[in-house]
Structure formats: C-alpha cells, structure tokens
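Scroll down for the structure; my scribbles are underneath it.
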Amino acid sequence: NAGVTQTPKFQVLKTGQSMTLQCAQDMNHNSMYWYRQDPGMGLRLIYYSASEGTTDKGEVPNGYNVSRLNKREFSLRLESAAPSQTSVYFCASSENRVVAGNTIYFGEGSWLTVV
Amino acid sequence: AQSVAQPEDQVNVAEGNPLTVKCTYSVSGNPYLFWYVQYPNRGLQFLLKYITGDNLVKGSYGFEAEFNKSQTSFHLKKPSALVSDSALYFCAVRDIGFQKLVFGTGTRLLVSP
C-alpha cells in the first residue's frame, strides 16, 4: 500500500527560486492537506482541500499556493522561496469531511532548505 | 478554537517500565482526539483516536489512551516501554468546522535500555 506519496524527499533552494511539492494518494480520499513542521511548533496547516475542486487557507498560507489537480493529487507551490520557508512539509489525506472522526494519513515528508 | 497542549517536551523512562505521555485539550462541543507517532526522518503514523464510547482507547503497538472529560485530558499510555518506542509523539484534536487536525507541539519519548 503506497498511501500518501510526496516528492521530492529532499530539496535545497536558493532564495527567490520557485518549486512545487507533489503529493498523491491512492486511498480514494476526498480531503487533502499540506502541513509544515518546525521545531517546537508542532505541525501547522498551510492549505487544505476538503474535496476535489476546492481549496482553503490554513493557519500559515502566506508564500504558498496549492492546486488540487484531481481527486488523487494536491500540489504545493513556493513561488519565491524565503529562508523562513525552510521546514519539513507533510502532505496528508482523509476520507471525507462529512463524516466526523476520520483518520488523517500522512506522507513521509519533504525536507526543504532555502539558502 | 480547538487546541491541545502537551506540557512535557521530553519524557524519559526505562525499558520495561510503564510510560505516560500527557495531553490536555480545549474544545467546544465533543472532542475528537488523536495520537500520532513520528520516528526520525519519517512521517507521522496514526496510533489511536477517541471519538465516542469507552474512555480507554486501545491502539497500535500496545499503546492505549485514557479520555478524561472532567480533567480534559487524553494521556497516552503503555504498560511496558520498549527502546523502540523512542520517538516524537503528537496529540491532536479535530477541528470539526474545518475538517483538519490541530496539533500539539510534540513530546519526545526516550526509553533507555
């Protein structure tokens, strides 16, 4: 079972460069998420997509854009990378926003360094 | 807004001893609570969740958690710790209105041989 797959695993960017983190899930889930993880701050939600065709801002959306390409795929784009965006990024998915208590499943993470 | 707090940055326990990782929550309405574990350089793995029903929830790898409504707590427990349990543990609460998880800051568990 692949579950949630995200690429790349590691990336080093120069300030001002752009890049896209790719994410795909094979569990037929409706909802998908992008979180970032920083030391001492836990995980913070960047953007989420409750269902195909919809996206919404989370806690820390500034500097990011997302695309829900289809039901399986949800990409995160950094248009002009800044050192403050150095972080570990996690894509996640859950079955359905309507049914309460659904478990969210996470990918393995993408380690991004902006120099 | 829903929130969780993990008051301990790190918990140290000897192998074979019981372990507890603490979590308290603040929610409006019924809480939906989760525990995840993260091993080094890996993603988060789901351990268990409380939605409704029995206050003692059993999960993966021998872990369990006790929901206590009066103390607004959801502590993670294991009767006998293993060295391989050493990892970062996150408590989380479902934000019902926006279908997302709100995470605590994490507790590092170190189990010594």
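Bear in mind these aren't lab numbers, they're just calculated from the coordinates by the rules spelled out. Keep in mind that this is a model prediction, so the values were computed, not measured. Positions of Cβ are backbone-derived with ideal geometry, glycine not excepted, and every protein chain shown enters the neighbour counts.
Where in segment B:28-45 does the label zone of A:Glu59 land, with the point 7 angstrom along Cα→C-beta and an amide N cut-off under 11 Å?
In segment B:28-45, the label zone of A:Glu59 (backbone N under 11 Å from the point 7 Å along Cα→Cβ) covers no residue.
In whole Å, what is the distance between the alpha-carbon centres of segment B:65-88 and segment A:41-115?
28
For peptide B:101-111, compute the average count of partner chain beta-carbon atoms within 10 Å of each residue's beta-carbon. Don't skip to the end; give the middle numbers.
On the way: counts 10, 5, 7, 2, 6, 6, 0, 0, 0, 0, 0.
Neighbouring Cβ atoms belonging to other protein chains average 3 per residue here.
Can you give the FRET efficiency to the nearest 0.05 for A:Ser18 and A:Glu52, using r as the Cβ-Cβ distance and R₀ = 35 Å? It would help to have the intermediate numbers written out before the result.
Details: r = 25 Å, r/R0 = 0.71.
Working from the Cβ atoms, E equals 0.90.
Which pairs in the list A:Lys9/B:Lys22; A:Lys9/A:Lys71; B:Lys49/B:Lys77; B:Lys22/B:Lys77; A:Lys71/B:Lys49; A:Lys57/B:Lys100 are over 20 Å apart, alpha-carbon to alpha-carbon? Before the final figure, lay out the partial values.
Numbers: A:Lys9/B:Lys22 31 Å; A:Lys9/A:Lys71 22 Å; B:Lys49/B:Lys77 13 Å; B:Lys22/B:Lys77 9 Å; A:Lys71/B:Lys49 26 Å; A:Lys57/B:Lys100 11 Å.
Check vs 20 Å cut-off fails for A:Lys9/B:Lys22; A:Lys9/A:Lys71; A:Lys71/B:Lys49.
Given a Förster radius of 30 Å and the C-beta distance between B:Thr52 and B:Lys77 as r, what FRET efficiency does 1/(1 + (r/R0)^6) yield to the nearest 0.05? Could you put the intermediate results ahead of the total?
Values: r = 20 Å, r/R0 = 0.66.
That pair, B:Thr52 with B:Lys77, gives E of 0.90.
Mind giving me the FRET efficiency for A:Ala82 and A:Thr5? R0 is 30 Å, r the Cβ-Cβ distance, nearest 0.05 is fine. Intermediate values should be presented prior to the final figure.
Values: r = 26 Å, r/R0 = 0.88.
E(calc), rounded to 0.05, equals 0.70.
If each residue's Cβ is checked for other Cβ atoms within 10 Å, how do B:Val83, B:Val4 rank with the fewest at the top? Can you show the working numbers first?
Numbers: B:Val83 12, B:Val4 24.
Lowest count first: B:Val83, B:Val4.
Run the Debye formula on the Cα coordinates of the protein assembly as shown, all scatterers equal and no solvent, and tell me log10 I(q)/I(0) at q = 0.13, 0.18 1/Å.
Debye output, listed in q order: -0.76, -1.33.
Of the GluC sites (Glu not before Pro) in segment B:10-113, which ones lie in a loop per DSSP and count no more than 15 other C-beta atoms within 10 Å?
Details: sites: B:Glu15, B:Glu64, B:Glu66; in loops: B:Glu15.
Filter output for segment B:10-113: B:Glu15.
Once you place label points 7 Å from the Cα toward the Cβ at A:Asn96 and A:Met41, how far apart are they in nm?
Result: 3.5 nm between the two label points.
Loop only per DSSP, at most 16 neighbouring Cβ atoms within 10 Å: give me the GluC sites (Glu not before Pro) in segment A:30-76, ordered by residue number. Don't skip to the answer; put the middle values down first.
Details: sites: A:Glu52, A:Glu59, A:Glu73; in loops: A:Glu52, A:Glu59.
Here the sparse-neighbourhood loop sites are A:Glu52, A:Glu59.
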